[in-house]
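Single-structure report; data block below.
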Amino acid sequence: MKIAIIGAGLAGLTAAYELRDHEVTVLEADGRIGGKLHTVPFKGGPTDMGAEAFVRRRQDAVEFFRELGLEDALVDPSDKRPRVYTGGKLHFMPPGGLMGIPAEPQDFFSAATNERIANEVPFEWTPGHDVSVGALVRQQYGDEVVDHLLSALLGGVYSCVADDLGLRATLPMLARKLDELAADGPVTLSAAVAAIESGRSPAASHAFATFKDGFKDLYETLAEKSGAEIHLDTFVSGVTRTKDGFQVTGAEGTFDRVVFATPAPTTARLISKVSPEAAQTLKDIKLASSVVVGFNFASAIDPAGNSLPDATGILVAADEPGIQAKAFTLSSRKWPHLGQREGFLVRASFGRFGDDALVRAEEDDLVDIALDDLKTITGFDGRAAGVEEIYTQRWFGGLPRYDHTHLETVAAVEESLAGVEGVAATGAWAHGVGIPDVIAHARKVARDLA
Ligand SMILES: Cc1cc2nc3c(=O)[nH]c(=O)nc-3n(C[C@H](O)[C@H](O)[C@H](O)COP(=O)(O)OP(=O)(O)OC[C@H]3O[C@@H](n4cnc5c(N)ncnc54)[C@H](O)[C@@H]3O)c2cc1C
């Protein structure tokens, strides 16, 4: 079978690998493969400027990496913990809870917030109902939990504040627990989170892992083992059905099947002649942009003796005045294999849904803001310590927004596509933005298509 795959990001390359017994052509608009996975050659070695970790407990992903012969390339993070910057101070992340939603009072919060958590007022919950995570937690615990912690944590994953994210799409286990508890009457967040915490088995290993030489090991291996013909710098602008199959702009010939592995708004455009209904629904999925500035400092201690904290990273509270960065990953402390290199790697991240100003800022300005923010938060003067290397990576439309209508939207797209033969659509917009989710969905749609 002749199959065209549009997009050589993780989803497209995984689909290409899964369909390796067929004649596969991958069409990629960019001059490189990998999409939101991008490993850049720093002097000390390859360094990721897009995704930098995956959830290790996803055995399906680990098994897949083993199948690709990449098991030995996986490395664990250190045991250090992240910090949160709020109220002008660095704090340890409160232990337990669910993505910053506590089951009980924590030193991290004010007395008034702790009072609300301890004496939470039960609320009516309709099983199956959905709501924005931010709205629910504001209603039960107040703004402090959302603005100081929850949005910082969720923002690190989705580039959105908690108010822009749906409960069922981003914290499904909490939605399910509320559904379950609602059978006995009004529910509380604290009881739901406590029940989730008590059901957790102690972690057998680290929660995350990464690839020693960066995610390029993954995307290059997928490309190679897929045996697909990959065309770079090939922007696809439309797909049409003919009596013999499909024609794809930018590619010669006719294809029996087409896989759309592009971000949702692009897929909406490309699929419009094949499934106008799916195209219309896909337009509802909006994207959040972000920018990562990677630094290699000569040292983690500046000449005045100020040192970067002994932590994996720093999350900045969403409502913190005067700070524009949303997070700093202290990569050389987070990943022992990076800590062995000369210098000290830090990734500064900016940008949340609805606010692209920083993503569009001049590189020099971004670098200045990152260095100033880091100094304000930690005292560490990066300029004085010595900036050896800088890499700025803008991610326009980097992540789809999983709001409280997202699951319904995806279900509607899938329903529309179920009636369209020979076509599949996949990518981070479908069933999770995390690397294991993107892989699992791409494999599934590829298997179903062949
Ligand atoms: C900054 C950042 C950090 C992240 N960190 C993590 C992390 O640590 N852990 C984790 O699990 N996940 C992380 N993610 C999420 C994860 O990286 C993504 O969800 C995943 O890589 C998306 O893969 P994809 O194939 O769906 O999309 P993409 O990577 O966007 O691939 C789509 C491809 O389609 C191409 N394309 C677009 N339009 C066209 C066209 N018209 N014609 C041809 N080709 C086209 C694009 O150039 C691109 O290569 C992060 C994401 C970002 C942005």
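Listing for the model above:
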item: Filter pass, Ile377 being part of a helix (DSSP H, G or I), closer than 30 Å to Glu320 by Cα and touching a strand residue (DSSP E or B) at 6+ places or on another chain (Cβ under 7 Å); result: yes
item: Residue match in the range 38-48 (condition: away from the ligand (no atom under 11 Å from the Cβ), under 23 Å from the mean Cα position of the chain (by Cα), without any contact (Cβ under 8 Å) to a residue 24 or more places away in the chain and not assigned by TED's automatic domain parsing to the domain that holds Phe260); result: yes
item: Spans of strands (runs of 3 or more DSSP E) in the range 169-284 with at least 3 residues closer than 30 Å to Lys2 by Cα and not small (Gly, Ala, Ser); result: 229-231, 239-241, 246-248, 257-260
item: Pick from the range 407-433, criterion more than 23 Å from Ile3 (Cα to Cα) and out of contact with any Lys or Arg (no Cβ under 8 Å at 6 or more places or on another chain), ranking: surrounded by the fewest Cβ atoms within 10 Å (Cβ to Cβ); result: Ala411
item: Residue within the range 67-84 that is charged (D, E, K, R), at pLDDT below 95 and either within 16 Å of the ligand (Cβ to nearest atom) or surrounded by 23 or more Cβ atoms within 10 Å (Cβ to Cβ) (or both) present; result: no
item: Filter result for the condition that a residue is over 29 Å from Thr378 (Cβ atoms) and either at pLDDT 95 or above or not assigned by TED's automatic domain parsing to the domain that holds Thr254 (or both), over Gly31, Gly88; result: Gly31
item: Residue that is farthest from Val291 (Cα to Cα), among those in the range 160-201 that are among the polar types (S, T, N, Q) and without any contact (Cβ under 8 Å) to a residue 60 or more places away in the chain; result: Ser198
item: Scan of the range 20-37 for residues that are crowded, with 23+ Cβ neighbours inside 10 Å and away from the ligand (no atom under 12 Å from the Cβ), ordered by number; result: Val24
item: Candidates Glu224, Glu220, filtered to the one that is within 16 Å of the ligand (Cβ to nearest atom), farther than 29 Å from Lys273 by Cα and in the same structural domain as His22 (by TED's automatic domain parsing); result: Glu220
item: Per-region count, the range 340-374, residues in a loop (DSSP other than H, G, I, E, B) and either modelled with pLDDT under 95 or more than 19 Å from Asn306 (Cβ to Cβ) (or both); result: 13
item: Out of Thr312, Thr409, sole residue that is touching a residue at least 60 places away in the same chain (Cβ under 8 Å), more than 15 Å from the ligand (Cβ to nearest atom) and polar (S, T, N, Q); result: Thr409
item: Number of positions in the range 100-121 that are in a loop (DSSP other than H, G, I, E, B) and either assigned by TED's automatic domain parsing to the domain that holds Val316 or of a type in the set (Asp, Glu) (or both); result: 3
item: Count of the range 240-267 residues which are surrounded by 23 or more Cβ atoms within 10 Å (Cβ to Cβ) and more than 10 Å from the ligand (Cβ to nearest atom); result: 3
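Listed here are the residues, each with its yes/no results for (1) at pLDDT 95 or above; (2) in contact with a Gly (Cβ under 6 Å, 6 or more places away or on another chain); (3) more than 25 Å from Pro436 (Cα to Cα).
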{"position": "Ala51", "(1), (2), (3)": "yes, no, no"}
{"position": "Arg58", "(1), (2), (3)": "no, no, no"}
{"position": "Val62", "(1), (2), (3)": "yes, no, no"}
{"position": "Ile101", "(1), (2), (3)": "yes, no, no"}
{"position": "Ala111", "(1), (2), (3)": "yes, no, yes"}
{"position": "Glu120", "(1), (2), (3)": "yes, no, yes"}
{"position": "Thr126", "(1), (2), (3)": "yes, no, yes"}
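Okay, residues lined up against (1) exposed (fewer than 14 other Cβ atoms within 10 Å of the Cβ); (2) within 20 Å of Arg401 (Cβ to Cβ):
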{"site": "Ser110", "(1), (2)": "yes, no"}
{"site": "Asn114", "(1), (2)": "no, no"}
{"site": "Ser132", "(1), (2)": "no, yes"}
{"site": "Gln140", "(1), (2)": "no, no"}
{"site": "His148", "(1), (2)": "no, no"}
{"site": "Ser151", "(1), (2)": "no, yes"}
{"site": "Val157", "(1), (2)": "no, yes"}
{"site": "Leu171", "(1), (2)": "no, yes"}
{"site": "Ala182", "(1), (2)": "no, no"}
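The values are calculated or read from the model by the stated rules, or taken from the named source; none is laboratory data. On a predicted model such as this, the values are computed, not experimentally measured, just so you know. Cβ atoms come from the backbone with ideal geometry, glycine included; neighbour counts cover every protein chain shown.
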